[in-house]
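As structure tokens, the structure follows; a few thoughts come after it.
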Amino acid sequence: MHVRRSLAAVLSVGALLFATACAGDDLDSDSGSDETEAAADQGPVTISGQNFTEATLVASMYEQLLADAGYEPTVKLVDSRDGYMPTFPDSVDVVPEYVGGIVNFLNSRENGADAKPFEAGDGGQLADDGAQLLADAGITLLELSTATDTNAFFVTQEYAEANGLTTLSDLEGQSVTLAAAKDCEGRLDCEGGLSEQYGIDITEVLGLGYATAQTFKAVLDGEAELGETSTTDGTLESQGLVVLEDDKLIQPAQNLVPAVSSQFLSEHPDVADILQPLMAALTTEKLTELNGRVDVDRETAEDVAQDFLEQEGLL
């Protein structure tokens with residue numbers, strides 16, 4: 001890469017000397033051509049992630065930023081973290097991640113399903129706690145965003161009012177059906193924590209997906225009393241749904257963060273410079289608004305992502 005840049009610099013000097021005897025229009029044309037050629041020579045990059053609104057939005061932002069920088073992105077989204085982690089970082093280069101999610105996934109994979117999870121409420125501390133796991137996996141986390149998005153559990157407004165519910169502790173001892181992600185059962189930030197920490201009797205877990213239309217419908221139709229979504233869900237109020245407060249704090253910090261193959265990053269260090277301004281621009285409030293534009297206003301994730309990037313001066 002350094003050789004290529006040096007050669008480009010020599011060619012640019014030669015072009016400049018030649019152009020001094022020519023019209024200014026030719027100089028501008030040659031310079032623009034050189035920049036376009038350099039920007040188009042970054043090569044392919046594979047982006048993966050989870051297939052729910054927010055992850056789709058952020059993956060689209062990654063895709064557009066990397067394409068603008070001259071990369072050739074391919075995006076492959078899957079239902080859950082279990083779907084892409086077996087191939088990351090071998091055949092996946094970049095993933096929009098959540099610090100607590102990836103650290104605890106690696107912890108469970110390395111130390112077993114019963115391993116004590118990392119529970120820090122501070123994203124930086126979680127990243128430090130999982131540093132060795134990440135290094136061993138060949139994954140590098142870039143700078144964390146201040147934007148956070150943890151798991152959240154919701155009920156209908158009607159059910160909350162009828163049962164006097166504002167917190168998850170208010171469900172202690174009650175029997176409920178939970179509509180949630182397919183990998184929710186047993187997880188301490190999902191069914192396991194609800195059962196063990198809150199004493200809620202989860203009679204059944206309906207694996208309908210994380211914040212999916214099927215999960216919302218199950219709760220709205222009374223098939224499940226409790227559903228899983230995120231704290232940045234922009235659709236709840238419009239659907240007559242309300243989140244119950246995680247008053248025992250079973251959710252670890254979930255700051256958004258680009259997770260990058262360490263090998264890919266060593267070969268393409270500019271990826272950090274491309275993605276980190278986005279992390280600085282995102283906030284929890286902005287994420288919630290962007291999610292609502294997709295889920296409530298029915299704008300496409302690609303259009304919302306592009307609009308945000310342009311408004312922030314990133315495209």
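The values are calculated or read from the model by the stated rules, or taken from the named source; none is laboratory data. Only a predicted model underlies this, so the values are computations on that prediction, with no experimental measurement involved. Every residue, glycine among them, receives a Cβ derived from its backbone with ideal geometry; neighbour counts consider all protein chains shown.
Table for the structure above
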{"item": "Boolean, ASP90 is closer than 21 Å to MET279 by Cβ and acidic (Asp, Glu)", "result": "no"}
{"item": "THR150 being of a type in the set (Val, Ile, Thr) and either farther than 17 Å from ASP246 by Cβ or in contact with a His (Cβ under 8 Å, 6 or more places away or on another chain) (or both)", "result": "no"}
{"item": "Subset tally (residues that are free of Cβ contacts under 8 Å to residues at least 40 places away in the same chain and out of contact with any helix residue (DSSP H, G or I) (no Cβ under 9 Å at 6 or more places or on another chain)) for the stretch 190-212", "result": "8"}
{"item": "Residues of the stretch 143-180 satisfying the condition of being touching a strand residue (DSSP E or B) at 6+ places or on another chain (Cβ under 8 Å), farther than 17 Å from THR231 by Cα and small (Gly, Ala, Ser)", "result": "ALA160, GLY173, SER175"}
{"item": "Residues located in the stretch 256-304, provided they are among the aliphatic types (A, V, I, L, M) and over 15 Å from the mean Cα position of the chain (by Cα)", "result": "LEU265, VAL271, ALA272, ILE274, VAL294, VAL296, VAL304"}
{"item": "The stretch 77-98, subset part of a helix (DSSP H, G or I) and in contact with a strand residue (DSSP E or B) (Cβ under 7 Å, 6 or more places away or on another chain), residue farthest from THR46 (Cα to Cα)", "result": "ARG81"}
{"item": "The stretch 224-239: number of residues that are modelled with pLDDT of 95 or more and out of contact with any helix residue (DSSP H, G or I) (no Cβ under 8 Å at 6 or more places or on another chain)", "result": "0"}
{"item": "Selected residue (only one of LEU315, LEU220, LEU244, LEU208 is more than 30 Å from ALA131 (Cα to Cα) and touching a Phe, Trp or Tyr at 6+ places or on another chain (Cβ under 6 Å))", "result": "LEU244"}
{"item": "Filter result for ALA280 (surrounded by fewer than 22 Cβ atoms within 10 Å (Cβ to Cβ), small (Gly, Ala, Ser) and within 18 Å of SER60 (Cα to Cα))", "result": "yes"}
{"item": "Residue within the stretch 155-163 that is touching a helix residue (DSSP H, G or I) at 6+ places or on another chain (Cβ under 8 Å), of a type outside the set (S, T, N, Q) and surrounded by 17 or more Cβ atoms within 10 Å (Cβ to Cβ) present", "result": "yes"}
{"item": "Residue that is more than 28 Å from SER91 (Cα to Cα), modelled with pLDDT of 95 or more and touching a Gly at 6+ places or on another chain (Cβ under 6 Å), where the choices are VAL205, VAL219, VAL242", "result": "VAL219"}
{"item": "Given (1) in the same structural domain as ILE200 (by TED's automatic domain parsing); (2) surrounded by 19 or more Cβ atoms within 10 Å (Cβ to Cβ), number of the condition LEU265 does not satisfy", "result": "(1)"}
{"item": "Single match in VAL243, VAL257 (criterion: buried (at least 21 other Cβ atoms within 10 Å of the Cβ) and closer than 21 Å to ALA55 by Cβ)", "result": "VAL257"}
{"item": "Restricting the stretch 47-83 to residues that are surrounded by 17 or more Cβ atoms within 10 Å (Cβ to Cβ) and β-branched (Val, Ile, Thr), the residue that is nearest to ASP295 (Cα to Cα)", "result": "THR53"}
{"item": "So THR288, is it assigned to a loop (DSSP other than H, G, I, E, B), polar (S, T, N, Q) and either assigned by TED's automatic domain parsing to the domain that holds VAL94 or touching a helix residue (DSSP H, G or I) at 6+ places or on another chain (Cβ under 7 Å) (or both)", "result": "no"}
